[in-house]
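One structure below.
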Amino acid sequence: MNWTLLAIYFIVWWLVFFVTLPIGVRSQEEAGEGRYLGTDPGAPTKPMLGRKALAATLIAAVITGLLWVGYAWLGIDLEALSRIWR
């Protein structure tokens, strides 16, 4: 169960990270700064990757924790979910 939980956390972390990437990003054109030589005008000026990685870590921990509680304590598994959708 530990490796499975770690794998689920890893997948959820990447999903959350990719969802948070476009939040609060301004392009070089939108920021009004000069365009850096050799870059696309839509390239972000300050992507804030550290903050987004931290946010993804916290949000993924909460989501994975909720999934674990649902599975371990409430007995919700794939079979139970398939009965709901019939």
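Observations on the structure shown:
- Residue in the stretch 35-42 that is in a helix (DSSP H, G or I) and either in contact (Cβ under 8 Å) with a residue 40 or more places away in the chain or exposed (fewer than 13 other Cβ atoms within 10 Å of the Cβ) (or both) present: no
- Selected residue (criterion: farthest from the chain's Cα centre (by Cα)) from residues of the stretch 31-86 that are of a type in the set (V, I, T) and within 16 Å of I8 (Cβ to Cβ): I76
- Inter-residue pairs, beta-carbon under 8 Å, first closer than 16 Å to I23 by Cα and in contact (Cβ under 8 Å) with a residue 40 or more places away in the chain and in the stretch 54-67, second surrounded by 16 or more Cβ atoms within 10 Å (Cβ to Cβ) and of a type in the set (A, V, I, L, M), 6+ apart: A56/V16; I59/V16
- Residue match in the stretch 13-22 (condition: surrounded by 12 or more Cβ atoms within 10 Å (Cβ to Cβ), over 30 Å from A80 (Cα atoms) and either over 10 Å from the mean Cα position of the chain (by Cα) or modelled with pLDDT of 85 or more (or both)): yes
The values are calculated or read from the model by the stated rules, or taken from the named source; none is laboratory data. It should be emphasised that the depicted structure is a prediction, and the values quoted were computed from it without experimental measurement. With ideal geometry, Cβ positions are generated from the backbone for all residues, glycine too; neighbour counts draw on all protein chains shown.
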